[in-house]
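**Student:** Below is one structure. I have some questions about it.
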Amino acid sequence: MQQIIQLIHQYGVLAVCVSVLLEDSGLPVPSYPVLMLASAFTLTSVTAPLVLIAAVAAAMFADTIWYFAGARLGPSIMRVACRMSFSPENCVERTESRFARIGPWALLMVKFLPGIALATIVFSGVTRLRLARFLVFDAVGSTIYLGLPLVLGRVFHKAIATMLIYFAQFGLIAAIIVVALIAVYVFIRWLRRRVLIRQLCAARVSAEQLLEMAHSGGGPVILEFGARKQPLAEGSIPGALPVSRYGITAAVRQLPRSAEIVIYTPAATSAANLRLELTAARLLQKAGFKKIRPLHGGLKAWIAAGYPLQFRRPTQPESNRSAIIVPFPRENVSAKRSVEGPRKAGP
């Protein structure tokens, strides 16, 4: 117990600044435990405001870097920020809608939402929010967010001291419990993945089956999931809607939840196909869809079967696309592989 308090006295302020800087840089390093411990054992009414100022300065330093990255790099850095969130599949949509409703006022409380806090800060740069306004709102939001644990540390300092005593006495047992909980969490995640893989394997359709389904009337919705290096030089399955992990939720929003969805990927390897299919299936299941069927072999299998391709340029942003059930080309549609420009999917 005394050793812990001594370490807090010696490195408390430095630990506060480093933890705040790492957390606001996007790393999964929570600053609240450090702030509460420092407040409970080292801070006084004189030093607490100084430590708060230092913590806010560290947070604003990291946030300003992300702001300029958003202003400089635009949507590409926004996608990077969303990959660090808890809900990357709808991170962009949630951030845009929140910013459209309340504007920069979102910066006041967004730090309490770790899933979209970083994305909101980056989005401020992407939308070119004036730097002066950003700094004011970010400073107030950081003060609220970082001031709360300092107040809680002073109010509950006795309870925190008692907790540390028990931790010092039962530290090994506590560590075993934490490791066991992490192991259980990892196992559950692995088990869910295996179950989903079995479900997708059982529901797979071949290229021939997809063609028959499309010609039988009331065909499925076909989604092409995954990015391409050369989207204009490669064909797609006629009637397929190209979507990414960030736009798939918006694309299927208007579809009935009973719709049958066939997903395929343009990936060249089976491992990449499986990874993209799992991601798409999770997003669609989260959106409420049950009938999800991957195309066995992806686009590569469709091309190998000699079936027709469609070449088209995207005409609208992905966020504005909406999946609809498109009539499939009849069997007399040409299977030429040359680029013929946009071609309607239909008889």
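Results for (1) over 24 Å from SER19 (Cα atoms); (2) surrounded by 14 or more Cβ atoms within 10 Å (Cβ to Cβ); (3) of a type in the set (Phe, Trp, Tyr), shown as yes or no for each residue.
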residue	(1), (2), (3)
LEU52	no, yes, no
ARG98	yes, yes, no
ALA106	no, yes, no
ASP138	no, yes, no
ALA159	no, no, no
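**Student:** Could I ask something else about it? For ARG154, are the conditions met, namely being in contact (Cβ under 8 Å) with a residue 60 or more places away in the chain and either part of a helix (DSSP H, G or I) or not β-branched (Val, Ile, Thr) (or both)?
**Tutor:** yes
Per-residue answers, yes or no, for (1) closer than 14 Å to ALA71 by Cβ; (2) hydroxyl-bearing (Ser, Thr, Tyr); (3) assigned by TED's automatic domain parsing to the domain that holds LEU21; (4) out of contact with any Asp or Glu (no Cβ under 6 Å at 6 or more places or on another chain):
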residue: ILE116; (1), (2), (3), (4): no, no, yes, yes
residue: ARG128; (1), (2), (3), (4): yes, no, yes, yes
residue: LEU131; (1), (2), (3), (4): yes, no, yes, yes
residue: PHE134; (1), (2), (3), (4): yes, no, yes, yes
residue: PHE137; (1), (2), (3), (4): no, no, yes, yes
residue: THR143; (1), (2), (3), (4): no, yes, yes, yes
residue: GLY147; (1), (2), (3), (4): no, no, yes, yes
residue: GLY153; (1), (2), (3), (4): no, no, yes, yes
residue: HIS157; (1), (2), (3), (4): no, no, yes, yes
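Residues are listed down the side, and each one gets a yes or a no for (1) at pLDDT 85 or above; (2) acidic (Asp, Glu); (3) in the same structural domain as LEU210 (by TED's automatic domain parsing):
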position: GLY247; (1), (2), (3): no, no, yes
position: ALA251; (1), (2), (3): no, no, yes
position: GLN254; (1), (2), (3): no, no, yes
position: ALA267; (1), (2), (3): no, no, yes
position: LEU278; (1), (2), (3): yes, no, yes
position: ARG282; (1), (2), (3): yes, no, yes
position: HIS296; (1), (2), (3): yes, no, yes
position: LEU299; (1), (2), (3): yes, no, yes
position: ARG330; (1), (2), (3): no, no, no
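**Student:** Within region 282-292, identify whether any single residue is in contact with a helix residue (DSSP H, G or I) (Cβ under 9 Å, 6 or more places away or on another chain), over 20 Å from GLN209 (Cα atoms) and among the β-branched types (Val, Ile, Thr), and answer yes or no.
**Tutor:** no
**Student:** Checking VAL195 against (1) loosely packed, with under 15 Cβ neighbours inside 10 Å; (2) of a type outside the set (Lys, Arg); (3) closer than 18 Å to MET36 by Cβ, which single condition isn't satisfied?
**Tutor:** Result: VAL195 fails condition (3) only.
**Student:** While we're on this one: Conditions first: (1) surrounded by 21 or more Cβ atoms within 10 Å (Cβ to Cβ); (2) more than 29 Å from VAL13 (Cα to Cα); (3) modelled with pLDDT of 90 or more. ARG130 passes all but one, so which condition is the exception?
**Tutor:** Unmet for ARG130, out of (1) surrounded by 21 or more Cβ atoms within 10 Å (Cβ to Cβ); (2) more than 29 Å from VAL13 (Cα to Cα); (3) modelled with pLDDT of 90 or more: (1).
Every residue, every condition in (1) under 22 Å from the mean Cα position of the chain (by Cα); (2) at pLDDT below 85, yes or no:
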| position | (1), (2) |
| --- | --- |
| ILE4 | no, yes |
| GLN10 | no, yes |
| PRO49 | no, no |
| GLY70 | yes, no |
| LEU73 | yes, no |
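**Student:** Please list, ordered by first then second residue, the pairs with beta carbon atoms under 7 Å, 6 or more apart or interchain, first in region 57-81 and of a type in the set (Val, Ile, Thr), second at pLDDT below 95 and assigned to a helix (DSSP H, G or I).
**Tutor:** Partner pairs satisfying both residue conditions: ILE77/ALA69; ILE77/GLY70; ILE77/VAL122.
The values are calculated or read from the model by the stated rules, or taken from the named source; none is laboratory data. From a predicted model like this one, the values you see are computed outputs, not experimental measurements. Every residue, glycine as well, gets a Cβ built from its backbone with ideal geometry; the counts of neighbours run over all protein chains shown.
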